[in-house]
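Chemist: I'd like to ask you about the structure that follows.
The values are calculated or read from the model by the stated rules, or taken from the named source; none is laboratory data. Given the structure is predicted, the values throughout are model-derived calculations rather than measurements. Because the Cβ atoms are built from the backbone with ideal geometry, glycine has one as well, and the counts that use them run over all protein chains shown.
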């Protein structure tokens, strides 16, 4: 890495976050900020405009996929590398759809994170070595074919946000206070979510959120 690179680290586990920060700083990358939840990560990315965001996929308040989507919508030039424990293809495809430039499994080595940063800074997509390159080709083919959207992608931005909060155990009253909306509005969103997902109880929503990686079990 010959040129100066700035990075933002978004990770909810403090020890893991500090480990990433030390690694990056030891390799000459300037860490301009750190955040412990998805919402704060979006705010800091838009404020600080780092070259690259190291983004955990499982974050409180706003998961990494949705945070990535919001960052890329406002500042598409920022590179985002998703860090995850999920090796299933559907998680990878969702990250790419959100605009992620890299997808790296947490089990990989520190050197691979640095390789990922080098790759995305050079405007290329980085996939963890666990994933064959044909998956990226498959994803691009799927996009070109206009394949039908999955259930989660049919939810609005607000519905996704509320689904995550429901799955994290927040009550309707707490969600209303947190998002500065009325409790009735929260209940309307909850009903819409259940209708779109064809899930009709809170326990089912929690199971669904765990299944798609919205929260950890």
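Chemist: Which of the residues spanning segment 15-34 are surrounded by fewer than 13 Cβ atoms within 10 Å (Cβ to Cβ) and in contact (Cβ under 8 Å) with a residue 24 or more places away in the chain?
Modeler: Correct list: 28, 30.
Chemist: Do you know which of the residues in segment 29-82 that are more than 28 Å from residue 170 (Cβ to Cβ) and in a strand (DSSP E or B) is farthest from the chain's Cα centre (by Cα)?
Modeler: 30
Chemist: Another question, if that's okay. So is residue 42 crowded, with 21+ Cβ neighbours inside 10 Å, touching a helix residue (DSSP H, G or I) at 6+ places or on another chain (Cβ under 7 Å), outside the structural domain of residue 170 (by TED's automatic domain parsing) and under 27 Å from residue 159 (Cβ atoms) or not?
Modeler: yes
Chemist: Could you check segment 55-111 and list, in sequence order, the residues that are modelled with pLDDT of 90 or more and surrounded by fewer than 15 Cβ atoms within 10 Å (Cβ to Cβ)?
Modeler: 73, 74, 75, 76, 77
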